[in-house]
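Shown next, in structure tokens, is the structure this report addresses.
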Amino acid sequence: MPRPTDFSDLSPTLQTIVLEAGGEGPIGMQKVAKVMVDRTMLPRWKGLTTDQIVQQPKQFSGWERKDRIAFLSKQPQGVFLEAAKALKRAQAEAKSQGVTADHYVTKELYGSPKRPDWVSKMDVVENYGNHVFLKEKH
């Protein structure tokens, strides 16, 4: 796989998985990818792909990074392949389990005074790696 320089040839979903959880190993990347896949199953996001969802304003902080391209360029090539595998596993899991978590925040943000207001409207589903996984209350 050639190393991209501007990442336009790498799907936005894979970029987001690496930006958000590239250092968290295969399971951490899968859990983050599962949130993206789960959102495609919610009425609010009906008809949108994960590529479209991850690029929506204020949804995934990796897209707001000013150093996004520089950060991605510094990642080992294998992390992109692992992100692709994590996405495939997340898609398979979504087919069998349905929506399990549709949001996440970092543990640091979750425990800080800067925690977003929307977090209090969610149920905590799981803590894994650097993330707290959440689901909208219904």
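Computed from label points 7 Å out along Cα-Cβ, the spacing between LYS114 and ILE69 is 2.5 nm.
Report summary: the helix-based calculation at 222 nm, which adds -39500 (n - 2.57) for every DSSP H run with n ≥ 4 and divides by the residues of the chain, gives -13000 deg cm²/dmol.
With a cut-off of 9 Å between beta carbons, the residues surrounding LYS34 carry a summed charge of 0, where Lys and Arg count +1 and Asp and Glu -1.
For segment 12-98, the number of Lys pairs with C-alpha atoms closer than 13 Å, counting only pairs eight or more positions apart or on separate chains, is 5. How many percent of the alpha carbon pairs in segment 95-138 exceed a separation of 13 Å? Distances greater than 13 Å cover 52 percent of the Cα pairs. With semi-axes defined as the square roots of five times the eigenvalues of the C-alpha gyration tensor, the equivalent ellipsoid of the chain measures 23, 17, 14 Å, largest first.
None of the figures in this text is laboratory data; all of them are computed from the coordinates on show. On a predicted model such as this, the values are computed, not experimentally measured, just so you know. Heads up, the Cβs are rebuilt from the backbone with ideal geometry, glycines too, and the neighbour counts pull from every protein chain shown.
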